[in-house]
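This report refers to the structure that appears directly beneath it.
The values are calculated or read from the model by the stated rules, or taken from the named source; none is laboratory data. Since we're looking at a predicted model, the values are computed, not measured. All Cβ positions, glycine included, derive from the backbone under ideal geometry; neighbour counts span all protein chains shown. Heavy atoms of the whole protein, side chains included, go into the accessibility calculation; ligands, DNA and RNA do not. Shrake-Rupley method; radii C 1.70, N 1.55, O 1.52, S 1.80 Å.
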Amino acid sequence: MAKDCLFCKIIAGEIPSDKLYEDDDVFAFRDIAPQAPMHILIIPKQHLHGPEAVMEEHERVIGKLMRKADYIAKKEGLSHYRLVCNNGADAGQTVFHLHMHIIGGRPLSWPPG
Ligand code: 5GP
Ligand code: ZN
């Protein structure tokens, strides 16, 4: 657990969240400011500050993150969805604990702004 990390505090239950899924490696909860009818965040329980912090030793957990993202999306009734990982402030990252957005429930345009 990283000191002063919002998402580490959510995993620990120190900050409440609308939890959808949890196992030994990953945790998923609804985004507090949804950008679509369905907007879920899935995160590794281990604190990694973002995609660039992923090393070879994390490949199993990051693969699981994507597999469980699909499982959660389907469980929530989404067959079409978008997965987004922002790396760095200019890419839109505001919370520096790696997270994958699962977004869906409306048509999504491309490219993003
Ligand atoms: P980023 O912009 O870093 O890719 O995504 C961070 C996401 O975390 C944002 O979509 C934001 O709405 C969400 N978020 C920020 N604070 C909280 C919170 O306290 N609870 C929940 N559930 N989501 C949060
Ligand atoms: Zn963290």
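Kindly indicate the residue of region 45-65 that is not in a helix (DSSP H, G or I) and not charged (D, E, K, R) and also surrounded by the most Cβ atoms within 10 Å (Cβ to Cβ) among those meeting that condition. This residue is 48.
Filtering 108, 83 for residues that are assigned to a loop (DSSP other than H, G, I, E, B) and aliphatic (A, V, I, L, M) leaves a single hit, 108.
In region 66-99, of all residues being within 16 Å of ligand 2 (Cβ to nearest atom) and open to solvent by less than 50 Å² (accessible area, probe 1.4 Å), the one that is nearest to residue 22 (Cα to Cα) corresponds to 99. Residues that are part of a loop (DSSP other than H, G, I, E, B) and surrounded by 17 or more Cβ atoms within 10 Å (Cβ to Cβ) were ranked within region 17-44; the one that is farthest from ligand 2 (Cβ to nearest atom) is 36.
If you go through region 2-11 and keep only what is surrounded by 12 or more Cβ atoms within 10 Å (Cβ to Cβ), of a type outside the set (Val, Ile, Thr) and either without any contact (Cβ under 8 Å) to a residue 60 or more places away in the chain or over 18 Å from residue 61 (Cβ atoms) (or both), you end up with 6, 9.
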